[in-house]
Each structure stands twice: as C-alpha cells, then as structure tokens.
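Chemist: The structure under discussion is supplied below as structure tokens; questions concerning it will follow.
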Amino acid sequence: MSRKKSQFVDVIGAVARNRPVLIFISCLVNLLLLTTTIYMLQIYDRVLSSGSMDTLIWLTVISLGAIAIYGVLEQSRRLILSRSASFIDDQLNAPVLLRSMEKRLSGGEPDAGVSDVADLRNYYQSDASLAFLDAPWSIVFLGFVWLLHPTLGTIATVAALFLLVSTVVNDLLTRTRQREAAARLKAANQTAVRFVDGGETISPLGMAPAIFSRWRELHGRARAEQQILTEKTATILSYTRSFRLAVQVLILGTGAYLVLSAAITPGAMIAASIITSRALAPIDRLTAAWRRFVAARSARRNLERMFEGLETAPERVKLPRPEGVLSVESVSFMAPEGNAPILRNVSFTLESSGTCCAVIGASGAGKSTLCRLLVGAWKPASGHVRLDGADVHDWDAAELGPHIGYLPQIVELFPGSVAENISRFGALDGDAVVRAAKMAGVHEMVLHLPKGYETDVGPHADRISLGQRQRIGLARALYGDPAFVVLDEPNSNLDGAGDTALLDALRQLKKQQKTVVVVSHRAEILKATDKILVLQDGVVAKFGDRDDVLKPVERAVRKTAVAPERVQRVIPASDAPKQAASVRQHNKMTSTAAE
Ligand SMILES: Nc1ncnc2c1ncn2[C@@H]1O[C@H](COP(=O)(O)OP(=O)(O)OP(=O)(O)O)[C@@H](O)[C@H]1O
Ligand SMILES: [Mg+2]
C-alpha cells in the first residue's frame, strides 16, 4: 500500500521537477519574442537613417537566428508540458480507479475520481500553465514601454489594469452560474442515457412521449442558461478585443505626437505599439487559465485526500498458497448507513479442505453479506475471516484472488469476450478456460454462442441470458484452481441441466479437496454438502454436520404439514416466522436432549 502513496507523490514530484527548466525556457522564449520589435526599432532608427546595407544584413541574419531558436524553445516547453500531462494520466488513472473501488467496497464515497485526473492533466495539456509562465513578462513588457516613454508606459499600464480588473470581475460574477449551468447540463445528459438504456421498460409501457418531453424540459432549461452565459462571454470578448485595438490606436497616436515633439524616434513609436499588445495578450489567457488552475488545484486536493493515510498501511508479507482451511472468528458487520449490525458474532470453522458447507436462512438473514466477508470483498467491523490461519485482509487482493472462487448472487460480466471473463481478464490460458468451462458444465453452451468463446459479453450484451451468465460466472469462479470457493445462490437462474452441472462441479470440487461455501436451499445441493450453517437475523442459529442440522428441521417442517414440494426450499424466504419457529423448536429439542 505504501507503494500507492509514494506513487502519487512521485507523479506530482516528477512533474514539479520540470518547473525550473520550464521557467528558464519561458524566460528565453519571452526575451526572444522581443526580436521583431528590436529588429524594427533598429531598422527605423539605424538602417533607414544611415542607409547601411551591412547593418541591415547582419540585423536580419541575427533576427532570423533568434526566431529559429525561439521556435525550438517554444516547441520544447510545449513538449515538456504535454508529456507531463500524459505521464499524469498514465500513472494516476489506474490507481485512482482501484482506490475508488476499494472505497466503494468499504461503503464510502471516493474522495476523487478519474475526472480529477482529467482536470490535472488538462491544466498541463492546455495553454493554462503557459499563461502563468508568460504572465510575469507582461510586467517586463510594460517596463519596456515605460523606458521608451513614461506617457506611453502610463497608457499601457492603465489599459492592462483595466483589462485585468474587468476580466476578473466578469469571471467572479459568472463563475457560480457557469458551474451551476454545467452541472445541470451534465445531469440532463445523464438522465438521457438512463432513458435510452431503459428502452425495454419505456417502449412497451408507452412511456416514451412523456419521458422524452420531461427530458426536453430538463435539457432546455440547462441549455437556455448556458446560452445566456455564452452570449455574455462573447459580448465581453468582443468589447475587450475592441478595447485592445483602441489602446493600440491611442499608443500610436500619442507616439506620433511624441515623435512630432521630437521626444521619441519613429521606431520607438512602432515598438511601443507592438510591445503594448504583447503585454496585454496574456491577460485574456489568464482568466481561462485561472479557471483551469482552480479546477486542477481542487483536483489535486481531492487526489491527495484519496491517497492520504495509505502510507501507514504495513507492507504485506507474501503468504504461501492456502489449503482452504476456513475459520470465521466472532465476525460482526455493520452496513455503512445502517444502525443495526447485519451480522453479529458469527463464528464457525471448516477444519479440513474439501469440506462443503451450505448456508441457509431467510431472505435478508445476511447470507450474501457473509459471502462478501468470506471472500474479503467487505471488511468485518470486528472479528476475523481466516484462510489457513491468515486474515483474508492481510493478503494483497491481487495475490489472494487466484486462490478464491466467488460467484456473487447478482452475476456481473464485464465488457470483453466470454474467454476473457472466465479467465478473469488475466493472461489468456485457453486450456484453463476450457477446463473451468467444462467443470462448470458451460463448455457446450459457450460453443453454441454466436462467436463461441470470443462472444462479447458485458452489461448490455443481451444475447447472454441470466442462466447463461450464471454459468459463465461459475466457470469464472472455478478458473485457475482456487483453494476456496464461495457460491452465492449459484442455481437461482439455472434449469435442470444447469442444476446437474452445478452438482457435478460441487462433486469435483470435493474430489479436488477444495473448501466450498454455497448459499442454496435446494434439497439436491444440500445433499452434496457436509456441513450446514443456518443464519437467522444475522446470527448463527445452527451450525453442524448436514444431517444433524437438517433432520430436526425437516421433522419440524413435516410436523407443520407443509406440502412435500415446499420442502425443496428447506427454509423458504417467505416463511421467516415459520423458520424461526422451527429453529426455536429445534433448539429446544437439542437443549432438551442435552439435559
Ligand atoms: N450495503 C448495504 N447497506 C445497508 N444494508 C444492507 C447492505 N447490504 C445488505 N444490507 C441489509 O443486510 C441484510 C442482509 O442482506 P443480505 O443480502 O446479506 O441477505 P441475504 O440473506 O443474502 O438475502 P437473500 O436471500 O434475499 O439473498 C438485509 O436486510 C439488507 O437490507
Ligand atoms: Mg443473498
């Protein structure tokens, strides 16, 4: 983890190390920008008055040389900045995504996102950083005009101050409205995407006209606001352009008057006009640059917050491959926004690898929560989940991953091919993919997909049915010989063939001495297990060998004269009170027996 913290500091540090070179190059660039002005001054005041061809040739050669050097330097400072921008992008995007995912998993909102990386990158990629590097030279240029004549200097300085104040005031007055309008437009666009994605519901229910007229209203309001602001900015921009031209006329007019009064030379008059426009140019750029700078500064703060504290996490010891001995020690879990714990003091042990344990319990009892804790997706508020004695959170997630097989209740496949999804997007090992697919009983089905293992799947790949997704998800869980497999309702969408394949997979896992935890209420699955854990309202109501747990429950169910087909789901989700009663009855029976 300390790697991550230093990675952020390294990135910012590496970019900052370029700063002295950039400042130096910018000094040279701005000095060389004076070439044409000095050239003109010399032509007017030396060549034209003396008629010396030699001077003209030398002046021209030197000026062309200076302009060539200017070109090279300007290109190099732009190159440094654009390389810094892509460096930031390359180095920060993946860690930021990873950190965001970790934060979401622990129930929090990430402090920063890839848009912050984009803001930071844009600052370097755009003209903004150049505007800041060039801005101090406005003062130098104004000083130059002062040297030519104080009256001209005064006009140029007043003009620069006026431009600066008016652009800053305009920015301050419109900034909040601009931000609000941009946010409103973004929200409208996001809504549009959701409407388009929801076509399956919107179209058959005839909701389209109403939904889209609502969107038009949303979008129209945001757009109108933006239009007003854009027009306002355009007006101000035209006024400032005219103002700058007017300043040039004033400088030339005053210069001509000074030439006539023999206070300055004609060359100085032209030079003053050019340098004044150079001095005023960065002021326009500064306002846009300031906005980007503010965005980049807040992005940097967000990113700092995101990576803060990571340096205190200890380096992880490399652990050997686990055998699959699972021990859950007094695990409690509290949902981030919840006020009551979802799981309380859950303890159980699967002592030998090759044990298959079923988790049963009513809907909302906490079975999926337990699965997430077992595979280390969530961290318990207290207690430990240990694999071969080591807490799953002491492992580096990338190292533990290959030893874990996890099929969540809601199977998510990610954009990519079936083969990539099964192989967890790692290096493609065709044999291992087919082995996992065969073990999950999905090989034949995949071969019948339009492009077999190369078929593209993902959140919107409609050709993959829910049952197919679940079976591909099972193959992904079994891929790479994991030592510990957790399957959360693996047969909720399966047909008869899928059920048989799942049972086969469970038998093979047993043969291979893999530890398995499976959430399922199906009688056939339960028959294939060794242990059963009954969860009730977040606590372990019963844990033990399958028959010890099941028989009393079945007897209790029989006693309440439930139709035999309902025993399929040993403890049906809708029968939570009955289940509680039967478990209470069972507990009573066991405690009576103990007495
Ligand atoms: N992120 C969360 N924030 C708040 N509450 C949560 C969160 N996740 C789960 N819960 C709550 O925890 C309880 C247990 O949820 P869980 O998904 O573990 O139940 P389950 O036993 O798997 O149910 P089912 O059989 O319906 O899948 C539920 O009451 C649920 O509302
Ligand atoms: Mg569940």
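Chemist: Can you tell me, using C-alpha contacts under 8 Å and at least 6 residues apart, the relative contact order of the stretch 2-312 as a whole percent?
Modeler: So the answer I get is 33 percent.
Chemist: Please list, ordered by chain and number, the residues whose modelled amide H lies under 5 Å from the amide H of residue 535; skip anything fewer than 5 residues away on the same chain.
Modeler: Result for residue 535 returns 360, 361, 541.
Chemist: Could I ask something else about it? As a test question: what accessible area, to the nearest 10 Å², does residue 146 have when a 1.4 Å probe is rolled over all protein chains in place?
Modeler: Surface open to solvent at residue 146 totals about 110 Å².
Chemist: If you don't mind, another one. Can you find, among 397, 448, 368, the residue farthest towards the positive end of the dipole of the stretch 366-455? Put +1 on the C-beta of Lys and Arg, -1 on that of Asp and Glu.
Modeler: The Cα lying farthest towards the positive end belongs to 368.
Chemist: Give me the distance in nm between label points sitting 7 Å out from Cα along the Cα-to-Cβ direction at residue 105 and residue 122, one decimal.
Modeler: For the pair residue 105/residue 122, the computed spacing is 3.1 nm.
Chemist: If you take every DSSP beta bridge whose two residues both sit in the chain, what share of them, in percent to the nearest 5, is antiparallel?
Modeler: So the antiparallel bridges in the chain amount to around 55 percent.
Chemist: Report the accessible area of residue 123, computed with a 1.4 Å probe over the heavy atoms of all protein chains in place, in Å² rounded to the nearest 10.
Modeler: Approximately 30 Å² of residue 123 is accessible to the 1.4 Å probe.
Chemist: Skipping prolines and chain starts, which residues have an amide H placed within reach, meaning under 5 Å, of the one on residue 486, given they are 5 or more residues away or on another chain?
Modeler: 405, 406, 407, 517
Chemist: Run the dipole for the stretch 2-312 about the Cα centre, Lys and Arg Cβ at +1, Asp and Glu Cβ at -1, nothing else charged, and hand back the magnitude in debye, nearest 20.
Modeler: Here the stretch 2-312 has a charge dipole of around 580 debye.
Chemist: Add -39500 (n - 2.57) for each DSSP H run of 4 or more in the chain, then divide by its residues: what number comes out at 222 nm, to the nearest 500 deg cm²/dmol?
Modeler: After summing the helix terms and dividing by residue count, I get -21000 deg cm²/dmol.
Chemist: About the Cα centre, and with charges only on the beta carbon of Lys, Arg (+1) and Asp, Glu (-1), how big is the dipole of the stretch 311-464? Nearest 20 debye, please.
Modeler: 380 debye
Chemist: Post the alpha-carbon centroid distance, the stretch 169-200 to the stretch 240-280, in whole angstrom.
Modeler: The stretch 169-200 and the stretch 240-280 have Cα centres separated by 45 Å.
Chemist: Let me ask another. Please say if the chain is rounded, prolate or oblate, where rounded means a/c under 1.5 for a ≥ b ≥ c the square roots of the C-alpha gyration tensor eigenvalues, and otherwise the choice is prolate for a/b larger than b/c and oblate otherwise?
Modeler: Judged from the Cα gyration tensor, the chain comes out prolate (a/c at least 1.5, a/b above b/c).
Chemist: I need the calculated FRET efficiency for the pair residue 349 and residue 465, taking r as the beta carbon distance and R₀ as 51 Å, to the nearest 0.05.
Modeler: That pair, residue 349 with residue 465, gives E of 0.85.
Chemist: Step through the residues of the stretch 430-445 one at a time and calculate ³J(HN,Hα) from phi using the Karplus curve (6.51 cos²θ - 1.76 cosθ + 1.60, θ = phi - 60°), rounding each to whole Hz and writing x for Gly and Pro.
Modeler: Calculated HN-Hα couplings, in order: x, 4, 5, 4, 5, 4, 5, 5, 5, 4, 7, x, 10, 4, 4, 4 Hz.
Chemist: Which of 185, 37, 66 sits closest to the plus end of the dipole of the stretch 2-312, meaning its Cα is farthest towards the positive end, when Lys and Arg get +1 and Asp and Glu get -1 on the C-beta?
Modeler: Of the candidates, 185 comes out farthest on the positive side.
Chemist: Continuing with the same structure: Return the sequence-ordered ³J(HN,Hα) values of the stretch 345-359 in whole Hz as given by the Karplus equation 6.51 cos²θ - 1.76 cosθ + 1.60 applied to θ = phi - 60°, using x for Gly and Pro.
Modeler: Whole-Hz 3J(HN,Hα) from phi for the stretch 345-359: 6, 7, 9, 6, 9, 10, 6, 10, 5, x, 7, 10, 10, 8, 10.
Chemist: So what are the ³J(HN,Hα) numbers for the stretch 239-246, from phi and the Karplus equation (6.51, -1.76, 1.60; θ = phi - 60°), rounded to whole Hz, Gly and Pro as x?
Modeler: Using θ = phi - 60°, the values come out as 4, 5, 4, 4, 4, 5, 5, 4 Hz.
Chemist: While we're on this one: What relative contact order, as a whole-number percentage, does the chain give when Cα pairs under 8 Å and 6 or more residues apart are counted?
Modeler: 14 percent
Chemist: Taking the Cα centre as origin and putting +1 on Lys and Arg beta-carbons and -1 on Asp and Glu beta-carbons, what dipole magnitude results for the chain, to the nearest 20 debye?
Modeler: Using Cβ point charges on Lys, Arg, Asp and Glu, the chain gives about 920 debye.
Chemist: To the nearest 10 square angstrom, what accessible area does residue 414 show with a 1.4 Å probe?
Modeler: My reading of the accessible area for residue 414 is about 100 Å².
Chemist: Moving on to the next point. Between residue 342 and residues 5 or more places away or on another chain, which pairs have amide H atoms under 5 Å apart, with H built 1.01 Å from N, and which residues are they?
Modeler: Excluding prolines and chain starts, which carry no amide H, the hits are 333, 334, 335.
Chemist: Of 9, 416, 165, which is farthest on the positive side of the dipole of the chain, counting Cα position, with +1 on Lys and Arg Cβ, -1 on Asp and Glu Cβ, and the Cα centre as origin?
Modeler: Result: 165, furthest along the dipole toward the positive end.
The values are calculated or read from the model by the stated rules, or taken from the named source; none is laboratory data. Keep in mind the model is a prediction, meaning the values are calculated, not measured. Here Cβ is always computed from backbone atoms with ideal geometry, including for glycine, and neighbour counts include all displayed protein chains. Ligands, DNA and RNA are stripped out before the accessible areas are found, and what is left, the full protein with its side chains, is counted by its heavy atoms. Shrake-Rupley method; radii C 1.70, N 1.55, O 1.52, S 1.80 Å.
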